[in-house]
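Below is one structure, written out as C-alpha cells; comments come after it.
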Amino acid sequence: MGSRCEIVNDNTSPVILIVEDNLVEAIHVKNALVEASMQVLGIAKTESELYSLVSKQVPDLILMDIDLGGADSGIEIAKNITAKFHLPVVFSTSYCDDTTISNALEISPYGYLVKPYGVLSLTTTIQVALERKKIEKALASSNRRFAMASHIAKLGILEVDISTQSVVIESVENLFDFPRKMTISKFLSLFPQEKEAELIEAMNTKSNYLTTLQLKIDGQPTKWFQVVLSDVGWSDDYVQIGAIQDISVLQSTQSNLSVADKIVSEIKEGVLVCDAAGLIIKANKSLCDMLGTNAESLISTHINNVFPKARKHDPRPDYLIDGLRTELTIVSEERRFHLTMSVTSFDVDDGDTNFVAILTDVTELKSSESQLKYLAFTDALTGAGNRNFLNNIVDSFSESCEPCSIIFIDIDEFKLINDTHGHEVGDEILRACASRFKATLRDNDSVIRFGGDEFVIVTSITCHKLLSKMTSRLNSSLKKMFKTTSGDFHITASIGVASSTESMSSTELLKNADIAMFSAKQSGKNSIVTFSESLSKNIEYRLFIQQGLKTAIQSKQITAYFQPIIGAKGEILAVEALARWYIPSHGPISPDKFIPIAERTKHIHDIGLLMLDEVCFALKALKSWGFSDVKFNLNMSAVQLQNDGVVELLAERFAFHHINPKRIVIEITESTLQSAKAREVLTKIKALGVTVSIDDFGTGFSCISELADETYDAIKIDRSLLPDFPLRTKQEKRRALIIENVVSMCVKLGMPCTLEGLESSEQVSFAKKIGAKAMQGYYFTRPLNLVGLMEYLQTEHASTCPEIREHAEDE
C-alpha cells in the first residue's frame, strides 16, 4: 500500500479529474460537469498524465474511462491510484460484459457509467459517489472515536436477541470475566432473583432498564457492573441494545466516605446522599449552587422538601428507588434549572442502605433541543417556515379533511440581483420579502420559504374572491422599494394560486400552485394566475417535450434541414441549417416549442453539436458536387455562448471534419448582444475564421450602432419588417423605407445583408430593387433535408455548377 494522501479541497464545489482518451467526449463531459457547478482539474489520456495532474492537486473524484485505446487499462490505473491516494473512482465505459464488470468491481468503484449516458446520469452518479465518500469518512472517524471512548470507559455493548435467546457482549479485550456470548437464561442467572423479573419485563417490552450486577468469583475481588437496557433495537426489533460497564472502582469508592467526599466535592454535577428515610446526610457545593442555598440548610431535610411537587394535587414522587432516573425543574434566584436525577442505592458498613442522587444541569441541553426543534421547521435566513414545516401544515389540513389553498410566489429576476450585486444583497431582499408577507397575512396563515427565491403561503381561505384580495395584498407589499446596502431595488413577483379539493393530495395541491406560478412567469412575470386544468395540459406538453429531448438527441430524431440563401442573380450563396424534430408517433415538434426548453435544460449544447456535425457533413457533400464556395449558416443561442468550451469544440470539429472555418457563418440573435460574456466568446469564435451574423435584425435589442462593431460581419433583416404588397398604408411604406435604408447602409459599409422571409414575387422584386444581394424564404424553397437540398440544387442551380451539369448529363 502506498502512502495515504488526504483529499484537500477548500472550494465549495467538488474537483473532478477526467481520464478519457476521446477528446470530444472528454470536452463534452467537462462542459456538463462545469454546468453542474463542479470544477474539472483536467483531462488525462494516460497514466502518466493522470499522476502529473494529481501531483499538483488531489481531486475529490476521478472519472475513469476503462478502455483508454492503448496499452493502458483504466481498471489497472484505477487500482494503482486508489491504492496510493484512496480516491473515489467512477468508471465510464462502452462495455458492460461480465468480465469487465467483474474486473472493475475488484477495486470497489463508486459508480459505473455505461456509454452513452446523459448529463443527468453523469452528475447524479458523481454526486452520489461524493456523498458516499463523505459518509464513509465520517463513519470511519465515528467508529474510531467510539472504540477509543469504549476502551477508556471500559464500556461494553449488550445485544439481547430474543429470536435466538442469546446475549452478546462486545467489549475491549479481557474487560469482563464471563463469556462473550451466553444464553438469556445464563445471563439472568447472574442477577439476584428479585431483579430477574424486572430484567425479563424490560426485555419483553423493549423498555429502558438500569441496574447493578455484583459478581463474586473465587480467588478474585468482587466485581460490580452497571447494566443498562435501552429502548433502542434493530433487526425488526428482535435485538435490544444495552450497555455494561465495570463500576467496581466506583462501588469501592462509595464505600469509603472520605474518598467519596473528595470526589463529590469536585464534580460539577449536584450530588446528595440520603439515608433510608429520605433525610439528606450529604450535599456537595454544585447542588447548593443549583438550589441557591448552603449545605447546612439541606442537611437533615427530607428530599421531598427539596424537590417539591410540580403541582399541588400531583402525587408525591418516590425518589428513593434504586436505578431511578427522572427529570426535575426547579426555580432558583429567578432562574429556571432543568435537571436530570439518577438515584443509586448502596449499603454502608453498618448494614444500612443509603441513596445517592446525582443531578445534572441540562438547562443548556434543553435550550438546544428547543432550538433544534425551531431550526428543524424554520428557514435560517428569513425566519419563515421551511419545507418540513410546509409538509406538516399541509398534512394537518389533509388529515383533518379541511380545505386549504397554496399561494406560490417566485421573485422575478432574482438571480440577476444575486449575480450582479452578490448573495448578501439577495439575502437582504429575501428577508424583507418574508417580513412583508408576514405583515400582510393573518396570524393563522403560514409563510414558508420553499427554496431559493420561492415562497409558499398556506391558508385556510378557499373563496376565490378572498384569495384574490389576499394575493393582491401580497403583490402590493412588494411595490415599495427595497432598500439594501447596495442600493434600492424594485421587486416584482410571479404568483400562482391553487385550492384543494376533497380528493386532492398535498403533493398535487403544491404541484398545481407551482404550475400556476410557472404560467404567471411565462406570461410576462409580475402577474397572478389561478390554477386551471388548461394550465396543467400546457405544462404536460412542455414536460413531454422536455422529457423527450434526451431521447430525440440520442436517436437523432432532431436533424438538420437546409434552406438556401439566393443571390440577386439567382445564384446560391449560402445554406442555413435549421433544427427540425419529428417524432414518428406524434409528428413534427415546432422549433418555437422545443428550442426554448432545450436552452433551459442545457440540451441546446447537444443539439448544437449535432447540428454542427450535420453541417460539416453537408458542406463536404456540396463540395463534392462542385459548390465549393457555398457557405453554411449555423444558429447559435446565447446559452451556448456562455460556455468557453464552445470555442474549443468548434475548433476540434472543424479539424476532425477537415472543414475550412471561413465557410461557416454563425448566426446569433439580437438578445445575445446584451451579454458581455457572449461578446467575448464570439470574438474568440471569430478568431477561428468563421463569419458572425446578427439574425432577426431590427426586432429586438440591437441598434444601428451595432453595425459599427467589428464583432459582427453580416446581418439578416427579420421577416417581420417586410411590408405587404402593394404598399397601401403609411405603415407599410415606412417599413419599406426602413428596409431600403438599412440595405443601403450595409452596402456602403461593405457588410453583407440578407432579407429573410420572402414569400412572394413582389417581395423578391422589391428586394432586388433596393439592392439586396442575398435573399431567403419560401419563395425559393422551404427548408429541405440533405437529399432534398441536393435535388433542389440539381434542378434549380445545375447551370451555375459544371460538376452538377456533368452529373445531370450522365444521367
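The values are calculated or read from the model by the stated rules, or taken from the named source; none is laboratory data. Computed from a predicted model, the values in this text were never measured in an experiment. Every residue, glycine as well, gets a Cβ built from its backbone with ideal geometry; the counts of neighbours run over all protein chains shown.
Taking the options Ala638, Ala579, Ala598, Ala574, name whichever one is modelled with pLDDT of 90 or more and closer than 23 Å to His28 by Cβ.
Ala579 is the lone residue from the list that is modelled with pLDDT of 90 or more and closer than 23 Å to His28 by Cβ.
With the structure loaded, tell me whether Ile448 is buried (at least 19 other Cβ atoms within 10 Å of the Cβ), in a strand (DSSP E or B), without any contact (Cβ under 8 Å) to a residue 60 or more places away in the chain and of a type in the set (A, V, I, L, M, F, W, C) or whether it fails that test.
Taking the combined requirement at face value, the residue does not satisfy it.
Could you figure out which of (1) surrounded by fewer than 21 Cβ atoms within 10 Å (Cβ to Cβ); (2) not in a helix (DSSP H, G or I) isn't true of Phe389?
(2)
Residue check: is Lys366 over 30 Å from His464 (Cβ atoms), of a type outside the set (S, T, N, Q) and surrounded by fewer than 12 Cβ atoms within 10 Å (Cβ to Cβ)?
So Lys366 does not fit the description; no.
Checking the structure you have, find out if any residue of segment 427-443 is assigned by TED's automatic domain parsing to the domain that holds Lys483, in a loop (DSSP other than H, G, I, E, B) and exposed (fewer than 14 other Cβ atoms within 10 Å of the Cβ).
So far as segment 427-443 goes, yes, one or more of its residues are assigned by TED's automatic domain parsing to the domain that holds Lys483, in a loop (DSSP other than H, G, I, E, B) and exposed (fewer than 14 other Cβ atoms within 10 Å of the Cβ).
State yes or no: is Ala380 assigned to a loop (DSSP other than H, G, I, E, B) and modelled with pLDDT of 85 or more?
Criteria met by Ala380.
Looking at Ser166, Ser121, Ser92, can you tell me which residue is surrounded by 13 or more Cβ atoms within 10 Å (Cβ to Cβ), assigned by TED's automatic domain parsing to the domain that holds Gln240 and at pLDDT 85 or above?
Answer to the check: Ser166.
Pick from Asp60, Asp10, Asp67: which is at pLDDT 90 or above, more than 24 Å from Val646 (Cα to Cα) and of a type outside the set (A, V, I, L, M, F, W, C)?
Asp60
Against the definition (within 42 Å of the chain's Cα centre (by Cα) and of a type in the set (Val, Ile, Thr)), how does Val681 come out, yes or no?
yes
Per-residue answers, yes or no, for (1) out of contact with any Gly (no Cβ under 7 Å at 6 or more places or on another chain); (2) closer than 16 Å to Leu610 by Cα; (3) outside any strand (DSSP E or B); (4) not assigned by TED's automatic domain parsing to the domain that holds Ala774:
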site	(1), (2), (3), (4)
Asp629	yes, no, yes, no
Leu634	yes, yes, no, no
Ser637	yes, yes, yes, no
Ala651	yes, yes, yes, no
Phe654	yes, yes, yes, no
Lys662	no, no, yes, no
Arg679	yes, no, yes, no
Lys684	yes, no, yes, no
Asp696	yes, no, no, no
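Could you please find all residues in segment 186-196 being part of a helix (DSSP H, G or I) and surrounded by 11 or more Cβ atoms within 10 Å (Cβ to Cβ)?
Lys186, Phe187, Leu188, Lys195, Glu196
Return the residues of segment 555-570 that are outside any strand (DSSP E or B) and surrounded by 14 or more Cβ atoms within 10 Å (Cβ to Cβ); say none if nothing qualifies.
Gln557, Ala568
When both residues are 6+ apart or on different chains and their Cβ atoms are under 7 Å apart, which pairs have a first residue that lies in segment 476-495 and is under 11 Å from Glu413 (Cα atoms), and a second that is in a strand (DSSP E or B) and modelled with pLDDT of 90 or more?
Filtered contacts from segment 476-495: Ile491/Ile411; Ile491/Phe482; Ala493/Ile409; Ala493/Asp410; Ala493/Ile411; Ser494/Asp410.
For segment 333-359, give me each residue that is surrounded by fewer than 17 Cβ atoms within 10 Å (Cβ to Cβ) and within 49 Å of the chain's Cα centre (by Cα).
Matches in segment 333-359: Glu334, Arg335, Arg336, Thr340, Ser342.
Test Phe408 against the stated conditions and say whether it is buried (at least 19 other Cβ atoms within 10 Å of the Cβ), closer than 20 Å to Lys525 by Cβ and either among the aromatic types (Phe, Trp, Tyr) or not assigned by TED's automatic domain parsing to the domain that holds Met517 (or both).
Judged against the criteria, Phe408 is a match.
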